[in-house]
Structure formats: structure tokens, C-alpha cells
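Structure first, commentary second.
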Amino acid sequence: MAKVPVGILGATGMVGQWFARCLEDHPWFEIRALAASERSAGRVYGELVRWNADGEMPAAVRRLPVHPVDPGVFSDLGVRVLFSALPADQALVAERALADKGFWVFSNAAAFRMDRLTPILIPEVNAGHIRLVERQPSRKASGGFIVTNANCTTTGLAVALRPLQDLFGIRSVVMSSYQALSGAGYPGVASMDITGNVLPHIQKEEEKVELETKKILGVLAPGGAVRPAAFDVVASCCRVAVRYGHLETVLVGLGKDFDEGRAREALGGFRWELSGRLPTAPRRPVIVRDEPDRPQPRLDCDAGSPERARGMAVTVGRLRKAGRRLRFYLLSHNTVRGAAGASVLNAEYAKKLGYIG
Ligand SMILES: NC(=O)c1ccc[n+]([C@@H]2O[C@H](COP(=O)([O-])OP(=O)(O)OC[C@H]3O[C@@H](n4cnc5c(N)ncnc54)[C@H](OP(=O)(O)O)[C@@H]3O)[C@@H](O)[C@H]2O)c1
């Protein structure tokens, strides 16, 4: 089977580099176009980029030129699938224009997440929301569409909430985060601000978690938009001096009385019908640890199997019942499960359903 040529927008940045990592030797997709700002356009990727993702820079991108975000260039290169790691303000203009021209955009940016016709897709959680793209005007006019993935802090939370909502119903969610530096891009937070310190403010992060979680776990009304989940979400987000991995404490008010063992089984036994059956879909979306000092960013960030799904599993630990509430810690890889890996999985699912390819 010939591979589908793809492009990366914002290829030089933190998430762009993780796209190059997550797409390395991908069985279905082949990177053919890299794009960034006018500042980077015309340069060779391997000479321009200060590589930050794991391991060595993939050979497949090292000699590729960096282009501006230009639909004509992508068409000339035979690319119709675009993975976007653009800043939200750039994404707002560029992604819509690209979808209007017939491109299939899988975006990490916040620009369209709360748009009523754009899904925030996490296949394990809300696979059916992909059908929203059929209602996008660009889909009807040129075939193009936008699919977003959630904010990096929201993603792990939503994955863990899905089995709890299915089994017990959810009344409320309180979440506090300890978020990695890589979540702020490169070079990100000034070292003088974060060394020996914790920053209790990440711009718009708490609002994103509170709104996105309810949309993701909401119900897609037939022929309509998503009706958000009815429970409240309260989020408090901090930046800590960790490289990768967002740690969260979660307190979930459940709809009925429950047994701690059943909650543990619900999380650890959670599967989606295609778990382990798409290249980037982890066999176990949630891994439950019983040790009292797990999960930890350094030890659990890369959880997930098979090898291509490394970093795609969410790790949960210190599960405890507190009345009708369940308490736990949660960890997910912010640039894989919360960004590039999430978009790649969305594109795999879209291809499996025949939306692209
Ligand atoms: N970091 C995370 O964990 C994470 C997680 C989820 C979502 N996101 C979202 O993903 C997006 C990228 O984040 P990041 O952390 O990768 O940021 P970043 O490291 O600052 O990278 C930004 C990228 O966008 C490019 N860019 C900037 N201005 C541009 C313009 N006018 N036209 C075209 N390209 C432009 C940059 O190219 P140059 O090098 O040429 O400037 C660079 O490639 C953001 O929307 C962010 O909110 C990030």
C-alpha cells in the first residue's frame, strides 16, 4: 500500500518536532512537506532546528527544506493531509483557509476546538464525534475539514474519565495539574522564572480544561452539534520544572455509590474497539499502578505499547475512595498523548473510516 504523503505546519517548534518523531517510519504516512514561519522558510530542517524531541532527528526530515505555509506548495508536493502545530492565532486564519482549499487538517491548536462544527477528537473517548466534519462547509465545498485534538492537560483527564462516566456517571471533576516545561514550547518559560520555583498560572489553561473536557465527553446530537456533558469541571494549573509529562490530581464525584475495586477495574480494563489495532493506538489506554509513589513523570511518561504507541497510554495511581468521590493521580505525555501522537492517531482513525487517503 502506497503511503499517504503528509505535511507538518509549525514543524520547527516543540510539537512540530514531536510530529516528526511520531511519524518516523509510520506504516501509513510519509512526511513530504515541512512548514514554519517566513523566518524559517528556505532553510534546511536539519541545519535550522535545535532538536528537542527524544533521540536523534529522524533521517527522513533532516534534508527536507522548510516551506512557508502555502497551499500551492503542499499541492505541488502531492500533500493533502496536514498536521498543524501552529500558534493559535496563526492557526485561526491558516487552518480554515487550508480546509477551504480541500486540505485535511489535524490540529493541535486551540483556534477551532470550541467551534460547534469541529470535533475535539480522542478516539478512545468520543470516536463518533468525527462525524461532525461532515457538517463543515469546507467538507461540502472542497472536501477539506479540520479535526482538533484536545489541550495537552485535558487529553489524559478525558481518557481516564470515559470509563468512569460509562460505569458510574460523573457529577463533578476537580483537577490540579503539575505541568511540564515542554508544554510551553521552545524555549518556553525563562529559566530564571522556573528554577527552584512553581508557577501557579498558565495562560487560558484552566478555562481550556474546563470547557474542552465537557465537550469531549458530551453527546453528539443527530444532525446537530455536541451537547456538553452536564457535570462541572474545576481546574487549577501549575507549571513545574519537569521536561515532559503532565501530572494531575483528580477528584471525581460519581453518580452512584461504588466499590474502589470496581473503579480500578474500570480504568485498567478500559478498551476502545480499535485499541492496539491502529498504529498509534495503545493496547491499554489507561495503565493503573499500585505502587504508592507512582505515576511519576520520569518513570511513566513513555507508558504505552506497542512501541509506536509509546507515550500514548495514560498512567493512573494512588486510587482511593472518598465517600462518593474517587481520588487519583494521573500522568500523560504532553507532547505525545497530549499533542503530536494524538493528532496522528486521529488521522489514522480518519483514514480507517475512509475520510482521508
Ligand atoms: N507544547 C505542547 O505540549 C502542546 C500541547 C498541545 C498543544 N500545543 C499547541 O501546539 C501549537 C504549537 O505549540 P509548540 O509548543 O510547538 O510551540 P513552539 O515551540 O513555539 O512552535 C511554534 C511553531 O509555529 C511556527 N510559527 C510561528 N509563527 C508562525 C507563522 N506566522 N506562520 C507559520 N508558522 C509559524 C514556528 O515556526 P518558526 O520556528 O519559524 O518561528 C514553530 O514551528 C500551539 O498552538 C500550542 O498551543 C502544544
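The values are calculated or read from the model by the stated rules, or taken from the named source; none is laboratory data. Everything numeric in this text was worked out from a predicted model, so none of it was measured. Glycine also receives a Cβ, built like all others from the backbone with ideal geometry; neighbour counts cover every protein chain displayed.
Please enumerate the residues belonging to segment 336-354 that are touching a strand residue (DSSP E or B) at 6+ places or on another chain (Cβ under 7 Å) and assigned to a loop (DSSP other than H, G, I, E, B).
Arg337, Gly338
With the condition kept exactly as written, say whether any residue in segment 139-153 is part of a loop (DSSP other than H, G, I, E, B), among the hydroxyl-bearing types (Ser, Thr, Tyr) and modelled with pLDDT of 95 or more.
Yes, segment 139-153 contains a residue that is part of a loop (DSSP other than H, G, I, E, B), among the hydroxyl-bearing types (Ser, Thr, Tyr) and modelled with pLDDT of 95 or more.
Could you count how many residues in segment 190-205 are within 16 Å of the ligand (Cβ to nearest atom) and on the phi > 0 side of the Ramachandran plot?
1
Within the bounds of segment 186-197, is there any residue that is closer than 22 Å to Pro123 by Cβ, of a type outside the set (Asp, Glu) and surrounded by fewer than 24 Cβ atoms within 10 Å (Cβ to Cβ)?
no
Regarding Ala88, is this residue more than 20 Å from Thr12 (Cβ to Cβ) and either among the polar types (S, T, N, Q) or surrounded by fewer than 16 Cβ atoms within 10 Å (Cβ to Cβ) (or both)?
When the stated conditions are applied, Ala88 does not pass them.
Quick check: anything in segment 29-41 within 12 Å of the ligand (Cβ to nearest atom), loosely packed, with under 15 Cβ neighbours inside 10 Å and modelled with pLDDT of 95 or more?
The first filter runs over segment 29-41 and keeps only residues within 12 Å of the ligand (Cβ to nearest atom), leaving 34-41.
Subset that is loosely packed, with under 15 Cβ neighbours inside 10 Å: 38-39.
Okay, now just the ones that are also modelled with pLDDT of 95 or more, so 38-39.
So far as segment 29-41 goes, yes, one or more of its residues are within 12 Å of the ligand (Cβ to nearest atom), loosely packed, with under 15 Cβ neighbours inside 10 Å and modelled with pLDDT of 95 or more.
Consider segment 51-65. How many of its residues are over 24 Å from the mean Cα position of the chain (by Cα) and surrounded by 16 or more Cβ atoms within 10 Å (Cβ to Cβ)? Break it down stepwise before answering.
Filtering segment 51-65 for residues over 24 Å from the mean Cα position of the chain (by Cα) gives 59, 62-65.
Those still in the list that are surrounded by 16 or more Cβ atoms within 10 Å (Cβ to Cβ) too: 64.
The number of residues fulfilling the criteria is 1.
Please pick out the residue among Arg324, Arg294, Arg310 that is touching an Asp or Glu at 6+ places or on another chain (Cβ under 9 Å) and modelled with pLDDT under 95.
Answer to the check: Arg324.
If you scan segment 57-69, which residues turn out to be outside any strand (DSSP E or B) and in contact (Cβ under 8 Å) with a residue 24 or more places away in the chain?
Of everything in segment 57-69, those that are outside any strand (DSSP E or B) and in contact (Cβ under 8 Å) with a residue 24 or more places away in the chain turn out to be Met57, Pro58, Ala60, Val61, Leu64, Pro68, Val69.
For segment 319-337, name all the residues that are of a type in the set (D, E, K, R) and more than 16 Å from the ligand (Cβ to nearest atom).
Arg320, Lys321, Arg324, Arg325, Arg327
How do the helices (runs of 4 or more DSSP H) wholly within segment 70-138 filter down when requiring 2 or more residues that are within 10 Å of the ligand (Cβ to nearest atom) and over 22 Å from Arg21 (Cβ atoms): which remain?
Per the criteria, 88-100.
Any residue in segment 251-273 that is within 26 Å of Gly55 (Cα to Cα) and aromatic (Phe, Trp, Tyr)?
Within segment 251-273, none of the residues are within 26 Å of Gly55 (Cα to Cα) and aromatic (Phe, Trp, Tyr).
Taking the criterion of being touching a Gly at 6+ places or on another chain (Cβ under 8 Å), modelled with pLDDT of 95 or more and within 17 Å of Asp166 (Cβ to Cβ), would at least one residue in segment 260-280 satisfy it?
No, segment 260-280 contains no residue that is touching a Gly at 6+ places or on another chain (Cβ under 8 Å), modelled with pLDDT of 95 or more and within 17 Å of Asp166 (Cβ to Cβ).
When segment 136-172 is examined, which residues are found to be at negative phi and without any contact (Cβ under 8 Å) to a residue 60 or more places away in the chain?
Gln136, Pro137, Ser138, Arg139, Lys140, Ala141, Ser142, Gly144, Ile146, Thr148, Ala158
Would you please name the residue that is farthest from the ligand (Cβ to nearest atom), looking only at residues in segment 162-189 that are at pLDDT 95 or above and of a type in the set (Phe, Trp, Tyr)?
Phe168
Only one of these conditions is not met by Gly317: (1) on the phi > 0 side of the Ramachandran plot; (2) of a type in the set (Gly, Ala, Ser); (3) assigned to a strand (DSSP E or B). Which number is it?
Every condition holds for Gly317 apart from (1).
Could you identify the single residue in Gly323, Gly357, Gly311 that is at positive phi and outside the structural domain of Leu157 (by TED's automatic domain parsing)?
Gly357
Here is a check on your reading of the model: is Leu64 within 16 Å of Ala41 (Cβ to Cβ) and either modelled with pLDDT of 95 or more or out of contact with any helix residue (DSSP H, G or I) (no Cβ under 9 Å at 6 or more places or on another chain) (or both)? Give the derivation first.
Working: within 16 Å of Ala41 (Cβ to Cβ): yes; either modelled with pLDDT of 95 or more or out of contact with any helix residue (DSSP H, G or I) (no Cβ under 9 Å at 6 or more places or on another chain) (or both): yes.
Spelling it out, Leu64 is indeed within 16 Å of Ala41 (Cβ to Cβ) and either modelled with pLDDT of 95 or more or out of contact with any helix residue (DSSP H, G or I) (no Cβ under 9 Å at 6 or more places or on another chain) (or both).
Of all helices (runs of 4 or more DSSP H) completely enclosed by segment 177-282, which ones contain at least 1 residues that are touching a Ser or Thr at 6+ places or on another chain (Cβ under 6 Å) and closer than 28 Å to Leu132 by Cβ?
The qualifying helices (runs of 4 or more DSSP H) are 205-216.
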